[in-house]
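A quick write-up on the structure given underneath.
The values are calculated or read from the model by the stated rules, or taken from the named source; none is laboratory data. Since the model is a prediction, treat every value here as computed from it, not as a measurement. Glycine gets a Cβ as well: all are built from the backbone with ideal geometry, and neighbour counts include every protein chain shown.
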Amino acid sequence: MNDVHDTYAALIGRFLARELTAGRFQRTFLRQFKLEARIVDPPLFLLLDELFGDVDSYTKDAALLADAPDFYLDEAGLRLKAEEVLRRMTAQALRDPARPPAQTHASVLK
């Protein structure tokens, strides 16, 4: 595993352990991911990018949730998505723990 993996795994873990509210997790994750300057292994980047979309779709607004339930997530839905991504991150790291990072966050977006 690497520092990037550990940073995000810890953040997601804190949310799942209810140490962070959904709103705090949303703000922290979005800011961290947008400002990420470290090298991120492409498979990890794809998982984090997927979670970014889920986190961005979180809302407490009942009207939005009712109007577009296939797009917006409530807290329970966000927890399920975060738990699934963390499980996949852990499985990925266990499969290939020594894999060196190959690209920067920005280069994967190209």
Within region 26-38, the residues that are buried (at least 17 other Cβ atoms within 10 Å of the Cβ) and either of a type in the set (Val, Ile, Thr) or in a helix (DSSP H, G or I) (or both) are Gln26, Phe29, Phe33
Based on this model, can you work out whether Arg18 counts as outside any helix (DSSP H, G or I) and either within 12 Å of the chain's Cα centre (by Cα) or of a type outside the set (Val, Ile, Thr) (or both)? yes
Need pairs with beta-carbon distance below 9 Å; first residue in contact (Cβ under 8 Å) with a residue 40 or more places away in the chain and within region 46-61, second part of a loop (DSSP other than H, G, I, E, B); sequence gap 6+ or separate chains. Leu48/Glu36; Leu48/Val40
Kindly establish whether Gly23 is within 10 Å of the chain's Cα centre (by Cα) and surrounded by fewer than 14 Cβ atoms within 10 Å (Cβ to Cβ). no
Please give the number of the condition Ala66 fails out of (1) at pLDDT 95 or above; (2) of a type in the set (A, V, I, L, M, F, W, C); (3) crowded, with 17+ Cβ neighbours inside 10 Å. (3)
Can you pull out every residue in region 1-15 that is of a type in the set (Ser, Thr, Tyr) and either under 15 Å from Glu83 (Cα atoms) or within 10 Å of the chain's Cα centre (by Cα) (or both)? Tyr8
Which is surrounded by 17 or more Cβ atoms within 10 Å (Cβ to Cβ), among the aliphatic types (A, V, I, L, M) and over 25 Å from Arg95 (Cα atoms), of Leu48, Leu73? Leu73
